[in-house]
1. Of the residues Arg116, Arg131, which is more than 15 Å from the ligand (Cβ to nearest atom) and assigned by TED's automatic domain parsing to the domain that holds His252?
2. I need the full set of residues from segment 38-87 which are of a type in the set (Phe, Trp, Tyr) and either open to solvent by 10 Å² or more (accessible area, probe 1.4 Å) or in contact with a strand residue (DSSP E or B) (Cβ under 6 Å, 6 or more places away or on another chain) (or both), in order please.
3. Condition (residue is small (Gly, Ala, Ser), within 20 Å of Asp108 (Cβ to Cβ) and within 16 Å of the ligand (Cβ to nearest atom)) applied to segment 163-184: is it met by at least one residue?
4. Please state which of the following conditions Ala66 fails to meet, knowing it meets all the rest: (1) over 17 Å from Arg116 (Cα atoms); (2) away from the ligand (no atom under 15 Å from the Cβ).
5. Just the residues that are buried (at least 20 other Cβ atoms within 10 Å of the Cβ) and part of a loop (DSSP other than H, G, I, E, B), please, taken from segment 140-170.
6. For a quick check of your reading: which helices (runs of 4 or more DSSP H) sit entirely within segment 203-284 and have at least 2 residues that are over 21 Å from Glu63 (Cα atoms) and free of Cβ contacts under 8 Å to residues at least 12 places away in the same chain?
7. Checking Gly226 against (1) away from the ligand (no atom under 14 Å from the Cβ); (2) open to solvent by 30 Å² or more (accessible area, probe 1.4 Å), only one condition comes out false. Which one?
8. Six or more apart or on different chains, Cβ under 6 Å: which pairs go from a residue in segment 102-128 that's small (Gly, Ala, Ser) to one that's modelled with pLDDT under 95 and open to solvent by 40 Å² or more (accessible area, probe 1.4 Å)? Could you list them?
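The values are calculated or read from the model by the stated rules, or taken from the named source; none is laboratory data. It should be emphasised that the depicted structure is a prediction, and the values quoted were computed from it without experimental measurement. Positions of Cβ are generated from backbone atoms using ideal geometry, with glycine treated the same way; all protein chains shown enter the neighbour counts. SASA here: full protein model, heavy atoms, side chains in, ligands and nucleic acids out. Shrake-Rupley method; radii C 1.70, N 1.55, O 1.52, S 1.80 Å.
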Amino acid sequence: MERWVEETLHDGFCVRLKVDKVLFDSQTDHQQLIIFDNEDFGRVMMLDGVVQVSTRDEFVYHEMMAHVPLFAHGKAKKVLVVGGGDGGVLREVLRHPQVKSATLCEIDRSVIDLCRAHFPEISQGAYDDKRTRVVIADGTKFVGETKDRFDAILVDSTDPIGPGAVLFTKEFYATCRRALKPGGVLVTQNGLPFLQGPELKESVGYFHALFKDAYAYMATTPSYFGDAMAYGWASDDKKLRRHSCKKLAKRHEKAGAFPTRYWNPEVQVAAFALPNYVRNLVEA
Ligand code: SAM
């Protein structure tokens with residue numbers, strides 16, 4: 001008997017994925033977690049009925065969440081990833097040789113353990129890198145209490161449902177602002193503007209109140225069904241998101257010109273060129 005799973009993020013439409021093999025399907029301490037194989041997207045993890053990662057297209061999302069802020073910043077040494085338990089963003093952050101420490105604060109240890117077991121090709125040893133520090137905690141608690149200061153905070157969270165909801169609040173973003181070093185940058189997973197426009201508008205509205213520069217950039221990860229995804233962007237220096245291809249290429253060169261499957265300097269520059277319907281959501 002064929003089995004299909006439905007994505008339940010949106011009220012008015014849903015996508016379903018055929019399940020070729022289930023590797024895990026249960027409730028963790030925080031959310032419903034299923035890992036299964038699918039003939040089109042490879043191995044897939046869903047949390048509370050929403051696709052989080054698939055082996056076929058994770059490179060898009062993880063490269064764009066890590067390399068855009070780190071090449072924009074240029075000399076980030078201390079990076080914090082909030083969420084990101086699959087280890088993909090962490091993997092990409094650690095490809096930057098100037099990064100001396102990468103802290104990952106994940107609320108659900110089961111996500112890390114199960115992704116290490118079933119998606120080793122995503123974290124690729126990132127959790128064993130001597131620069132990695134894993135904290136199992138709610139991101140709002142960790143960021144609110146940490147004495148550490150970071151050059152970049154990357155919020156690789158679920159959507160604003162379940163445990164992820166608190167990571168879309170002004171209070172949380174204010175603690176991120178406090179935990180950033182001068183010149184630091186905050187990037188957030190901020191959904192699909194076509195379907196989740198109000199969430200993006202709200203997050204970037206908070207960024208405008210807390211930072212000198214607030215914007216977004218976009219990239220399309222096919223398994224985030226319905227639109228290109230927006231990454232919320234906040235810093236105190238508008239120049240960070242306006243570097244030329246030439247400058248970004250030089251920084252990539254200096255970082256060892258590591259190979260990428262999605263990110264390149266031109267893609268970074270183009271990612272900030274927003275369609276008007278998204279620009280209207282993020283401009284003050
Ligand atoms: N790339 C995915 C996306 O765009 O939706 C996100 C992937 S990652 C698996 C999301 C992670 O955020 C999950 O592992 C989840 O446990 C974690 N998370 C959710 N709420 C959290 C919170 N309050 N503090 C820390 N981690 C949280």
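1. Just a single option satisfies the conditions, and that option is Arg131.
2. Result: Phe41, Phe59.
3. Taking every residue of segment 163-184 in turn, at least one turns out to be small (Gly, Ala, Ser), within 20 Å of Asp108 (Cβ to Cβ) and within 16 Å of the ligand (Cβ to nearest atom).
4. Of the numbered conditions (1) over 17 Å from Arg116 (Cα atoms); (2) away from the ligand (no atom under 15 Å from the Cβ), the odd one out for Ala66 is (2).
5. Within segment 140-170, Ser157, Thr158, Asp159 qualify.
6. By residue number, 276-282.
7. Tallying (1) away from the ligand (no atom under 14 Å from the Cβ); (2) open to solvent by 30 Å² or more (accessible area, probe 1.4 Å), Gly226 fails exactly one: (1).
8. Pairs that qualify, where the first residue is small (Gly, Ala, Ser) and the partner is modelled with pLDDT under 95 and open to solvent by 40 Å² or more (accessible area, probe 1.4 Å): there are none.
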